[in-house]
Ligand SMILES: [Zn+2]
């Protein structure tokens, strides 16, 4: 009995403390609705809250409060629920369809709605895109509770004048990875020492999602279900204000916008956004944080130019995206140079900014609505004034890559028209004109040159889309879904052989499928033309040959396997009845070589760049449907490499001892393929694994350095890093790594300073940077003239009977480089068949 009283008392004190610390200002609360503490059984900030409990609490609020409704907008890779809580007055919620209609009228440039102040403002409070920046989801619980249960006059006013959409966790898979870590290492009493395990997660950490993608870069690229679900939701609601809550290093205070002024000058954004609106909202955040004694800073850092951030994409939709960065307690309590920082303290700042966002939005409702209306109207007027009337694009050989590109356009609500079997048109005169610009236009001039992230994002180049500027609008059929686009002609049955185009994006998936079914498949190392069931046709390097009589299966079974692969991957396939070709080599040529199935492994773990590793894992899982063994680097010594014929090392800092290095070398010499990317290629050269070299700067050790102001050092050094640019390469189309390409010019993404010197071997340099290589983004003159112009992008170097395929540039960047994925997949599927002539 006594014990029970004690427990009750303890709960009460905790609760009172929580009420006092977080919620005092908004008392009284509806007693019928449990606070997060009452629901969870612990005070906010005492533990890290699991995502399923957050969802359960939100469902409970929807069950108990007439102000709240709950919806799911998708599921993560690991099956966690992506959710949105809609909060307003019961009257507004009952009338939501009509309010939505009135709200959306402001995004439609063909109407002239003027009831700015009558429609509630639409606010999306979104939290925790980086899983190991956990304070914001806890703040989401407090915010949801406040709006669901507070009876304070101020809150009632906000509910009357707004519809609030709360997304508590944009990245639940990453959040739970970190939550598990922080809770399982939590000490009692808490350990504030930064060297404690609680404050230092193991690789890859909780920042990213299941495939180790940074979801705060994925809003433009739309590769992952988290972003795809959110974008679909977004384009139904077009909120006026959207928050994006983060945490930064512990040795700091708090950041809110405005951001770094010059860096934020996205050339296509209205100035009202990043000047007027940001200053207007900034004043509210300053006042609110002053009132609780929290320090903060603005303007010094961060830029909103890259349109794939959660705080910049809304800007491209006539809304206001707001970035917040809280110094992290990473764990429950940590000692910093500024004193101790606690989890509850970080949560309180995020909670304060949440409520303040609603306040600022409600008090500037008319301004925000007019702004959004002008934004879409000006899209049409700016497009009308432009000489560019649209973009025509298409591809004769690879429909699946084009489809993937169109899929992204449609997700962003860009209008696409089909004006020929394989030809498409995107007009500039449409409400999403700025998105059209984002996708097709390239920029090389910026006032500022130090970017927080990429300085190039013309999506058309990511997909290696061949497009032309059109000076007049063309008519066509509106494309509403990619599956309405052309499908392949079903493969005919043959008793002799089948040919499969290697040009199609999905061809490697087909090859893997056929090999998994046990078929003998060859790759043609020459081009040719032959008579097929679909008429005479010319075939490119890399075309797959499946001879019927060589198989262990009967011809009916072979036909069934091919048809199945074609249905699944929509790749052009042909039946042929003779090996005697119309031109070029015949089908029995020694240049048509049987391919082995890759047995692939990739090193992962501490020191390895998780993004690059995750991109490969994602590519193979979701598009090729091929397994790859992820070998933790800590086990490398005892791993038997002979189980594999292909090993991938992405960028990272590798610190093998001589034995480890020898182990890799001996394994390659046996005839296997090592694929290195970015700094792993530099590593292979530095460790003399290969006889290649880097382009380096000759330093004069006697020269006296030019004096520069100390205060400029950060900017000066920042410029020399290559933040992310798109550059043109020239590809050898006759090389197995270049198979499946029809054009020698290929855009690649460069975001490192790995400068490979073209090989001394005349057959080793597969891709070299073209003359005038810069397509999009910022690079210093020095980097361009001294390094880029003299470097290679892709080299194959022999070791014994094997080879190292060295990529300077990541061909799988952010899961979005459909144009260069093929280079990597060629290395994986054909690497073991490359013999470098010596
Ligand atoms: Zn973050």
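General remarks:
- Kirkwood radius and radius of gyration were both taken over the C-alpha atoms of region 432-580, and their ratio Rg/Rh is 1.12.
- Neighbour counting of Cβ atoms within 10 Å sorts the residues 315, 776, fewest neighbours leading, into 776, 315.
- Note on region 124-269: the C-alpha convex hull projects to 11.9 nm² when averaged across all orientations.
- Semi-axes of the equivalent ellipsoid of region 269-327 are 22, 13, 9 Å, computed as sqrt(5λ) over the eigenvalues of the C-alpha gyration tensor in descending order.
- Value of Rg/Rh across region 469-547 [Cα atoms, Kirkwood radius]: 1.09
- For region 595-726, the relative contact order works out to 23 percent when only alpha carbon pairs closer than 8 Å and six or more residues apart are counted.
- Between helix 818-830 and the chain: long-axis angle, C-alpha atoms, 0 to 90°, nearest 10: 50
- Within region 75-189, antiparallel bridges make up roughly 40 percent of the DSSP beta bridges whose residues both belong there.
- Peptides 102-115, 783-796 ordered by packing proxy, namely the average of other Cβ atoms within 10 Å per residue, highest first: 783-796, 102-115.
- For the chain, the C-alpha radius of gyration sits at 1.01 times the compact-globule guess of 2.2 N^0.38 Å, with N the residue count.
- Of all DSSP beta bridges in the chain, antiparallel share, percent nearest 5: 70
- For region 680-700 and region 701-739, distance of Cα centres in Å: 15
- Percentage relative contact order, the chain, counting C-alpha pairs under 8 Å, at least six apart: 10
- Spin-label model, residue 385/residue 538: points 7 Å from Cα along the beta carbon direction are separated by 4.6 nm.
- Neighbour-count ranking [beta-carbon atoms within 10 angstrom, fewest first] of 803, 822, 609: 609, 803, 822
- For region 168-209 and region 356-385, distance of Cα centres in Å: 39
- P(r), alpha carbons of region 696-838 - 10 Å bins starting at zero, rounded %: 11, 38, 30, 14, 7, 1
- Residue exposure sequence - 780, 346 - by fewest surrounding Cβ within 10 Å: 780, 346
- Segment residue 637-residue 550, length gained on full extension (0.36 nm per residue, minus Cα span): 27.2 nm
- Sorted peptide list for 677-684, 694-701, criterion being average Cβ within 10 angstrom, highest first: 677-684, 694-701
- Structural descriptor for region 466-554: relative contact order 31 percent, calculated from alpha carbon pairs under 8 angstrom and at least 6 residues apart.
- Only DSSP H runs of four or more residues enter the estimate; each adds -39500 (n - 2.57), and after division by the residues of the chain the mean residue ellipticity at 222 nm equals -9500 deg cm²/dmol.
Each value in this text was obtained by applying a stated rule to the coordinates, not by laboratory testing. The structure displayed is predicted, hence computed values, not measured ones. Positions of Cβ are generated from backbone atoms using ideal geometry, with glycine treated the same way; all protein chains shown enter the neighbour counts.
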